[in-house]
Structure formats: C-alpha cells, structure tokens
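Engineer: What follows is a structure written as structure tokens; I'll ask about it next.
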Amino acid sequence: MRLAVVCYPTFGGSGVVATELAMHLADRGHQVHVISYDQPVRLDTLRPNLWFHSVDIGTYPLFRHPPYTLNLSNKLIEVVEEHGVELIHSHYAIPHAVSAWQAREVLRSSNRGSAACPRGVKLACTLHGTDITLVGRERGFYELTRFAIQRQDLLTAPSTWLATETDKHFGTAPGTVLAIPNFVELERFRPDPAAPARALLAPQGQAVLTHVSNFRPVKRVEEVVAAFAVVRRRMPAVLVLVGDGPELPKAEQMARELGVRDDVRVLGNQPPEPILQASDLFLLPSVAESFGLAALEAMACGVPVLGYQAGGLPEVVEDGVTGLLCPEGSSICLGTLAANLLADKPRHKAMCVAARAQAELFAPRPIVDQYEQALLRCLSD
Ligand code: GMT
C-alpha cells in the first residue's frame, strides 16, 4: 500500500498511535508518508519506506488564525500526486478528516493523481476520543465533522464504546465504525524490578502514585490530587505528575490547599517509561477515556490502574483484577480504595502481575494485523 498518515505531532495518544502504526506498516513493506505540522515525537524516520512531510502554515498578515485545514489539504494533494498515494489515513477527525475529503475532491474533479493511482484515493479515519465526545460536538465543528466522517471509506475507533458513541451522535450506521484497540510496545513498556527512578522520586521508600496526561478538564486532575491527599494521610507517598496542559496549575494549587504540595513531583513532558516502572499505582479518573492509552502503558509496566467505569476504560482495565474502577457517580472514595490496595501487599502484588498479563493482550502484532487488513480491504472494495 501507499499511504498518507495525517496526525497531530504532540505527546497525545492519537499522535502516538498514528506514529507507531505508521512505523509498523513501513516495517511491513508499505510506503508510508506521515504528514503533520511538526515531526511527531515518537516518529523514527531512519527506516525504509517511511517519509515525513511537514505542512507549511500560511502566515499572511490578514489571517488572524492561519487556515491550517487548507494548508493540510494542499499538502495532501501534493503528496498524493508526487508519491501515488492510494489511501489517506487520518487520525483524529478534526480537522484531518475534512482536509482529506477536500484533497480528494480536488484530485477527483481534475482527475489529477490518476496516473499514479487510477482508482482515486481512498479515505480512512481513526476516531480517537474528544473528536467525537467533546470538540466534534461543539456547534462550531459539528456539521462539517459529521459530513467528513460520513464521507470516509473506512472508520475505526479504539473501543466499542467510542464506536457506539459515534453512531449515536454522528449518524453512522451501527457496525460501520470498526473497533480496533490501541496497542503498546511491550519491550519498551515493561516492568523493571531495579526501577532506578524510584530512588529519585521516593528516596524514603514512599508509595509512588502517578498520573500522565495532557491536563485537560476531561482528565479530572482535581480527583487525582484529592485521592492522593487521602492516601498521603494514611501512609508516606508521593504523587508524580507527567505531562503538561491547562489544568496543571489547578492541580498544583489544590495540592497546596490540601497540604500535600511537598509530596507532589511535577515533571512536565517526559518519556513516561522510567517513571511508570517506578510507580505503584496509576490514577486516571477521567470523565471518559475512549480507551486510555496511558493506562495501558502503565499496565504494561506492571502498574494497576485506578479510575471510573466510564467510556472505554473498562475495555482495557479489568475491575478488581488489573485495577479498580469505581462506578460513575458512586460515593466510593478513590483515595480510600488506593490506600487500602497499597496497604494490602499481596493483593497489590497480584494486581501488578495481572496488569502486565492483561497488557500483553494488546501486543502490537495482532492489532497492526487488524489495521493492515482493514486498510487493504478498503483499498480493494
Ligand atoms: O481525544 C483526545 O483527547 C485526544 C487523544 C489524544 O490525542 O491524546 O486522546 C484520545 O485518544 C487516545 C488514543 O487513541 C486514547 O487512548 C485516549 O483515551 C483518548 N482520550 C480521550 O478519549 C479523552
């Protein structure tokens, strides 16, 4: 296949999934052109069959907001024509699905690109989460997003929950959105009994609780800090916050108010593996995660996850086995659950082992197979 992959280049899960999938498909011999406004953080282009194309963003003084969607469509037209791309795979619908549709319309109307790709370019989109649950439903985005989603030849989502949400809110017919779970690199994310970061994070042997996210309101970081404060009252513990985003100052302020700021380590954007390997619990109390790739990465490092029975998280974390998921709206205190689990060493140990075993069900090979087959089917239809 000759593919163009459109994604965000940032630390967020959609960019990570797009990048890892692009590298796997290139390793399988497909020609993959990754397109974004910056080189994605995890993209290693030092391999055959993989190219990165940066989108030039218009800066004319008249534009208060550069029209990125148009620049991206233009780049897609260029790449399709120059490299005979057969399929554009967008990750996160806004605005990528719209740009891809625009590019295809231009190519179709002028019959351009037909020499290299006589049947015309196909469109696939992986919906990732807030493109469906939040941003995509905003009035300023909804109509165009729905239109572009319905024009795709293939739609995938990382959980059955998100596939159903798409049907409910974007009018796709049930069964149209294919659920293909996210995967985790098990060699890179693995338990490390030595865990050198533990000596730095918790020199007095404190329990280590970790949260990794982009600190948006959907992550409910206030619940992370509140739960940690409950644990801290019961035992020596530290809370490690990895990532950056708008709610981080709020988390720090809340930690001050609860008198636990000295036990909170704010690390910013960092490769999460060494920190996860040194963690005892991972906290992800989001309103709804379509999947929760950060939770899967924690489990792969042998760390149980605490959160809510919301969104797609129950498709990743098994309540009572690989973590604890509170029913939404229950008055059960996440902090008390965390403290009880940490105090019960045999139960905690069993959950660590089970977490890794469950993560192994999300190994890359069979999941990349699912994507590859779906994309090939889409091309041959
Ligand atoms: O939807 C988002 O908020 C952005 C996206 C990202 O780029 O970080 O996150 C979503 O996609 C990830 C990869 O598929 C999922 O693991 C996350 O659960 C999902 N986030 C939400 O649904 C809040």
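Engineer: Using only the alpha-carbon atoms, how far is helix 139-150 inclined from the longest principal axis of the chain? Give it as 0 to 90 degrees, nearest 10.
Structural biologist: 60
Engineer: Taking the Cβ of Asp263 as the center, what net charge do the other residues with Cβ under 13 Å away carry, scoring Lys and Arg +1 and Asp and Glu -1?
Structural biologist: On the way: positive: Arg232, Arg233, Arg234, Arg256, Arg261, Arg265; negative: Glu252, Asp262.
Result for the neighbourhood of Asp263: +4.
Engineer: If exposed means no more than 16 neighbouring beta carbons inside 10 Å and the site is in a DSSP loop, what's the longest run of the chain without any exposed trypsin sites (Lys or Arg not before Pro)? Show your work: numbers first, answer last.
Structural biologist: Numbers: sites that count: Arg28, Arg64, Arg112, Arg119, Arg151, Arg188.
Formally, the longest exposed-site-free interval is 189-381.
Engineer: Counting only C-alpha contacts under 8 Å and six or more residues apart, can you give the relative contact order of the chain as a whole percent?
Structural biologist: Values: 743 pairs, mean separation 51.2, N = 381.
RCO, the chain: 13 percent.
Engineer: Measuring from centroid to centroid over Cα atoms, what is the spacing of the stretch 28-98 and the stretch 334-381 in Å?
Structural biologist: Result: 30 Å between the Cα centres.
Engineer: Treating only the Cβ atoms of Lys and Arg (+1) and Asp and Glu (-1) as charged, compute the dipole magnitude of the chain about its Cα centre; round to the nearest 20 debye.
Structural biologist: On the way: 35 positive and 40 negative charges, 45 e Å.
It comes to approximately 220 debye.
Engineer: Right, here's the next one. Compute the Rg to Rh ratio over the chain from the alpha carbon atoms, using the Kirkwood formula for Rh, and round to two decimal places. Walk me through the numbers on the way to the answer.
Structural biologist: Numbers: Rg = 21.6 Å, Rh = 21.7 Å.
Reported Rg/Rh, Kirkwood definition of Rh: 1.00.
Engineer: Rounded to the nearest 10 degrees, what's the angle between the helix 345-359 long axis and the longest principal axis of the chain, both from Cα atoms, 0 to 90?
Structural biologist: Once rounded, one gets 10 degrees.
Engineer: For Ala179, what residues show an amide H to amide H distance below 5 Å, using hydrogens built from the backbone and excluding near sequence neighbours?
Structural biologist: Those lying under 5 Å, H to H, from Ala179 are Ala157.
Engineer: While we're looking at this one, here's another question. Considering the alpha-carbon set of the stretch 185-282 alone, what are its Rg and its Dmax in angstrom?
Structural biologist: Computed over the Cα atoms of the stretch 185-282, radius of gyration and Dmax are 13.0, 40 Å.
Engineer: Mind listing which GluC sites (Glu not before Pro) in the stretch 178-272 are in a DSSP loop and have 10 or fewer other Cβ atoms within 10 Å?
Structural biologist: Details: sites: Glu185, Glu187, Glu222, Glu223, Glu247, Glu252, Glu257; in loops: Glu185, Glu187, Glu247.
Loop-located and lightly packed - Glu187.
Engineer: Assigning unit charges at the beta carbon (Lys, Arg +1; Asp, Glu -1) and nothing else, what dipole magnitude in debye, to the nearest 20, does the stretch 229-269 show about its Cα centre?
Structural biologist: Working: 7 positive and 6 negative charges, 47 e Å.
Around 220 debye, computed over the stretch 229-269.
Engineer: Angle between the Cα long axis of helix 68-83 and the longest principal axis of the chain, 0 to 90 degrees, nearest 10?
Structural biologist: The helix 68-83 is inclined about 60 degrees to the chain.
Engineer: May I pose another question? Choose one answer from Glu297, Glu289, Glu165: the residue with the largest mean-square fluctuation in a GNM of the chain with alpha-carbon springs under 10 Å.
Structural biologist: For the chain, modelled as a Gaussian network with Cα springs under 10 Å, the answer is Glu165.
Engineer: Any chance you could check the Cα centroid distance between the stretch 219-286 and the stretch 305-329 for me, in angstrom?
Structural biologist: Here the answer is 19 Å between Cα centres.
Engineer: Using only the Cα atoms of the stretch 268-381, build the gyration tensor, take square roots of its eigenvalues as a ≥ b ≥ c, and label the shape rounded, prolate or oblate: rounded if a/c is under 1.5, else prolate if a/b is larger than b/c, else oblate. Provide the component values of the computation, followed by the final result.
Structural biologist: On the way: a/c = 2.22, a/b = 1.71, b/c = 1.30.
In terms of gyration-tensor shape, prolate.
Where a number appears in this text, it was derived from the coordinates with a stated rule and is not lab data. The structure displayed is predicted, hence computed values, not measured ones. Heads up, the Cβs are rebuilt from the backbone with ideal geometry, glycines too, and the neighbour counts pull from every protein chain shown.
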